[in-house]
Amino acid sequence: MKKLLTLAAIAAIGSTAFALDLGEINGTWQDSKYNANWNFAADGKIVLSDSVTGETYFTFTDANTQNFKLSGGASGATITFDCAETHRSYRFNKPLSLGTDLKMTVNPDWTDTDYDATIKFQK
């Protein structure tokens, strides 16, 4: 049963997700602590932008991300990748639940303190 739920969670965020072949994952999740939107687009880009002004902070693509990994387990589906250009590692987790929120962790290279937030699905 756990394996079935894990597979369902992976499918919920896109079974061919990410690897900058985002497949079926489409939409925007908002980080209200930072006033930022994470837009996962079908064209394979992830755009981080200001949720108020719409200004683009950064666009993640095949060319500027490394170590992409999609995994599933008891904690749900997880997407991780690194970006040398931003000097950070990123982790997005979709827990095994019916909710649409993602748990996000950003790990800056220059500190041991991570940034954790639950980001809310917008559209």
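Of the residues making up the range 40-50, not a single one is assigned to a loop (DSSP other than H, G, I, E, B), more than 11 Å from the chain's Cα centre (by Cα) and modelled with pLDDT of 90 or more. Filtering Ser75, Ser89 for residues that are modelled with pLDDT under 90 and of a type in the set (Ser, Thr, Tyr) leaves a single hit, Ser75. Of the residues Tyr34, Tyr57, the single one that is open to solvent by 60 Å² or more (accessible area, probe 1.4 Å), assigned to a loop (DSSP other than H, G, I, E, B) and either touching a His at 6+ places or on another chain (Cβ under 9 Å) or among the aromatic types (Phe, Trp, Tyr) (or both) is Tyr34.
The values are calculated or read from the model by the stated rules, or taken from the named source; none is laboratory data. As the structure is a prediction and not an experimental result, all values here were calculated from the model. In this analysis, Cβ positions are derived from the backbone assuming ideal geometry, glycine residues included, and neighbour counts consider all displayed protein chains. Remember, those area values only see protein heavy atoms, side chains included, never the ligands or the DNA or RNA. Shrake-Rupley method; radii C 1.70, N 1.55, O 1.52, S 1.80 Å.
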